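I have placed the structure first, in the form of structure tokens, so that the comments after it can refer back to it.
Rule-based calculations on the coordinates, nothing more; no lab input. Keep in mind that this is a model prediction, so the values were computed, not measured. Backbone-built Cβ (ideal geometry, glycine too); neighbour counts: all protein chains shown.
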Amino acid sequence: MMSNLQEWPEPIVRVQSLSESGQHVIPSRYVKPPTERPSKNSDFSDANIPIIDISGFYGDDDNLRLNTLNKISMACREWGFFQVVNHGVSHDLMDRAREAWRQFFHLPLELKQVYANSPKTYEGYGSRLGVDKGAILDWSDYYFLHYLPSNLKNYNKWPGQPDYCRCREVIDEYGKELVRLAGRLMKILSLNLGLGEDCLQNAFGGEHFGACLRVNFYPKCPQPDLTLGLSSHSDPGGMTLLLPDDQVAGLQVRKGDNWITVKPAKHAFIVNIGDQIQVLSNANYKSVEHRVIVNSDMERVSLAFFYNPKSDIPIEPVKELVTPDKPSLYPPMTFDEYRLFIRLRGPKGKSQVESLKSPR
Ligand SMILES: O=C(O)CCC(=O)C(=O)O
């Protein structure tokens, strides 16, 4: 299987170059089948994912603390997504991180090409997920890098040029803050599942958890109704903290048969449950499908920080959540094995975690 992951099956085309070419028609490689196009069940109502102030969890007021836990619990069960505000991460750092990456994507192509990625590790500057030859592609470029564990962290694979982008510095600072926030959210999720506060973190391998960053760049698109910036998928990892663009909406979350467009709150992080927490929670929490739409007027930048289990330990439902009434739904699998699926096949809804279910 690994041999399929050595090289891309076709020459890579940067979506940003297509966008900048000024063509009014997108290449057929980016045209989605009618059922996957954005107009299909997109919801233009006022619905939004919950916005939760987590500072209430850390104060002296027991009621407020309980209330905050409950709000997060409801959000995890009803949406699999929520926005956190008053999360303790410096707003200035959030803005600097997004802007550093925006500058990176605006560098001349030759400078970015130095970091071109391959499907072997996906680290670096990329323009597709999955290695199926002839696949319909998404309207985005991205940059993927490992932040933890430290043996995978490799500054040579982070953008270092030119200096004024300051990507390396800012990622280090940003990563540190996001690891702290994710650790706090892990405790909250654990408590809400009726577990000891360290249970989920321990199942992630304690201090040996992993973390990586994918920065998405969605260039302007002349025919946004025909394509997607990112196809529907659930996140393969543990938990995602997304810093969306502050100017442009684009993320849509599945709610039943509809797609709800997230309206980002100022300086909020969008938090969502990934497949590994679905598995550990024995499906008490579900990772929810999401996708990204693009538009013809504005580019969009987002930073997805993935907080993951140690990659070589078996992940299976935690014992306390397996009962005679609710037997284990998933056999053990390491995250290394699990993420091969998306690396080979690209984003494909929830097909992977569904296919994992133990026969019963
Ligand atoms: O750009 C976004 O808003 C979402 C990105 C996303 O879903 C991802 O990177 O997995």
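In the range 2-354, Cα pairs under 8 Å separated by at least six residues give a relative contact order of 23 percent. Can you tell which of Pro327, Thr35, Leu191 lies farthest toward the positive end of the dipole of the chain, using +1 and -1 charges on the Cβ of basic and acidic side chains (Lys, Arg; Asp, Glu)? Projecting each Cα onto the dipole axis, the largest value belongs to Thr35. Run the reach check for Lys326 against aspartates and glutamates, Cα to Cα strictly under 19 Å, same-chain hits fewer than 8 apart removed. What comes back? Within the straight-line limit of under 19 Å, Lys326 reaches these aspartates and glutamates: Asp275, Glu316, Glu354. Going from the residue with the fewest nearby Cβ atoms within 10 Å to the one with the most, Phe82, Phe305, Phe144 rank Phe144, Phe82, Phe305. Using the Cβ-Cβ distance between Asp132 and Val31 with R0 set to 22 Å, the FRET efficiency from 1/(1 + (r/R0)^6) comes to roughly 0.85.
In this structure the amide hydrogen of Ala211, modeled in the peptide plane, comes within under 5 Å of the amide hydrogens of Tyr147, Leu148, Asn308, none closer than 5 places in sequence on its chain.
When only the Cβ of Lys, Arg, Asp and Glu is charged (+1, +1, -1, -1), the dipole of the chain relative to its Cα centre reaches about 720 debye. Fewest-first ordering of Lys112, Lys176 by other beta carbons within 10 Å of each residue's beta carbon gives Lys176, Lys112. Taking a ≥ b ≥ c as the square roots of the eigenvalues of the Cα gyration tensor, the range 280-360 is classed as prolate, since a/c reaches at least 1.5 and a/b is larger than b/c.
Check cross-link reach from Lys266 to the lysines: straight Cα distance under 24 Å, and skip same-chain residues fewer than eight apart. List returned: Lys71, Lys176, Lys220, Lys255. By its C-alpha gyration tensor, with a ≥ b ≥ c as the square roots of the eigenvalues, how is the range 1-152 shaped: rounded for a/c under 1.5, else prolate for a/b larger than b/c, else oblate? Prolate is the answer for the range 1-152, as a/c is 1.5 or above and a/b outweighs b/c.
When the charge dipole of the range 2-354 is built from unit charges on Cβ atoms (+1 for Lys and Arg, -1 for Asp and Glu) and taken about the Cα centre, the candidate among Val179, Ala97, Gly229 whose Cα reaches farthest toward its positive end is Gly229. Listed by number, the DSSP H helices of the chain that run 18 Å or longer by alpha-carbon position along their axis and have mean Kyte hydropathy of at least -1.0 are 62-78, 167-192.
Select from Asn151, Tyr115, Gly126 the residue farthest towards the positive end of the dipole of the range 62-172; place +1 on Cβ of Lys and Arg, -1 on Cβ of Asp and Glu, and compute about the Cα centre. Checked the options; the winner is Asn151. Partners of Lys133 within straight-line reach, counting lysines whose Cα lies under 20 Å from its Cα and excluding those fewer than 8 residues away in the same chain: Lys32, Lys120, Lys348.
Going from the residue with the fewest nearby Cβ atoms within 10 Å to the one with the most, Trp79, Trp101 rank Trp79, Trp101. With a cut-off of 13 Å between beta carbons, the residues surrounding Ala100 carry a summed charge of -2, where Lys and Arg count +1 and Asp and Glu -1. Shape class for the chain: rounded, because the ratio a/c of the largest to smallest gyration tensor axis (alpha-carbon atoms, square roots of eigenvalues) is under 1.5.
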